[in-house]
Amino acid sequence: MAKIPLLILSFLLLTLHSLSQNPNPNSAYEELKLRGFPVGLLPADVSSYSLNRTSGEFSVDLGGRCQLLLPPDNYLASYSRRVTGKLLDGRIDDLDGIKVRAFFSWWSITRIRSSGEDLVFEVGVASAKYPAKNFDESQECEGRRKKNRKVADY
């Protein structure tokens, strides 16, 4: 009879140990922060995401198209239903799914890199630098119902 409680105790200890070794996955916002980016690069409407921790390849689902104004110059940005790319320390490469309207045209943001206190947004051969602090908080997508949550707390 003593073997069964010992077996159960061993199973519980093994389970607790494996849980401590594999904590719950971070949110998409936490993943940005871990790689040196502010959470405001993503809108507050992320419904799910996936990340390959080895390659850095990710996809973020927003549950619908999203438009918002990017600070500080209030450029209109359009996010696709799904944003993909490669999240690495200090840079986001192969970015697909975010466009910004400037100079009467839509430009795809293909890369974002962290440069000290600034973020550098690349659109093809051109780039623009903005203070990272302008992206400390996520914005709600225009035209969507406001939610009572603060994404900056993630």
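The rows are residues; the columns are (1) within 14 Å of the chain's Cα centre (by Cα); (2) within 22 Å of residue 31 (Cβ to Cβ).
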residue: 93; (1), (2): yes, yes
residue: 98; (1), (2): yes, yes
residue: 103; (1), (2): no, no
residue: 117; (1), (2): no, yes
residue: 123; (1), (2): no, no
residue: 126; (1), (2): no, no
residue: 130; (1), (2): no, yes
residue: 134; (1), (2): no, yes
residue: 137; (1), (2): yes, yes
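Which one of the conditions (1) out of contact with any Leu (no Cβ under 8 Å at 6 or more places or on another chain); (2) modelled with pLDDT of 90 or more does residue 102 fail to meet, given that it meets all the rest?
(2)
For residue 64, which of the numbered conditions (1) in a loop (DSSP other than H, G, I, E, B); (2) within 16 Å of residue 129 (Cβ to Cβ); (3) of a type outside the set (Asp, Glu) fails to hold?
Status for residue 64: all satisfied but (2).
Out of the residues in the stretch 69-123 that are basic (Lys, Arg) and touching a Lys or Arg at 6+ places or on another chain (Cβ under 7 Å), which is farthest from residue 49 (Cα to Cα)?
113
Give the stretch 48-83 a look and list any residue that's touching a residue at least 24 places away in the same chain (Cβ under 8 Å), farther than 21 Å from residue 123 by Cβ and surrounded by fewer than 12 Cβ atoms within 10 Å (Cβ to Cβ), or say none.
The one that is touching a residue at least 24 places away in the same chain (Cβ under 8 Å), farther than 21 Å from residue 123 by Cβ and surrounded by fewer than 12 Cβ atoms within 10 Å (Cβ to Cβ): 55.
Within the stretch 36-73, count every residue that is closer than 17 Å to residue 114 by Cβ and among the aromatic types (Phe, Trp, Tyr).
2
Please go through the stretch 113-122 and give me each residue that is surrounded by 17 or more Cβ atoms within 10 Å (Cβ to Cβ) and either in a loop (DSSP other than H, G, I, E, B) or without any contact (Cβ under 8 Å) to a residue 60 or more places away in the chain (or both), ordered by number.
Across the stretch 113-122, the qualifying residues are 113, 121, 122.
Results for (1) of a type in the set (Gly, Ala, Ser); (2) within 16 Å of residue 32 (Cβ to Cβ); (3) assigned to a strand (DSSP E or B), shown as yes or no for each residue.
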position	(1), (2), (3)
85	yes, yes, yes
98	no, yes, yes
128	yes, no, yes
139	no, yes, no
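When you scan the stretch 124-137, do you find a residue that is touching a Lys or Arg at 6+ places or on another chain (Cβ under 8 Å) and crowded, with 18+ Cβ neighbours inside 10 Å, even just one?
no
The values are calculated or read from the model by the stated rules, or taken from the named source; none is laboratory data. Note that the structure is a prediction, hence the values are computed from the model and not measured. Note that we place each Cβ from the backbone using ideal geometry, even for glycine, and neighbour counts take in every protein chain shown.
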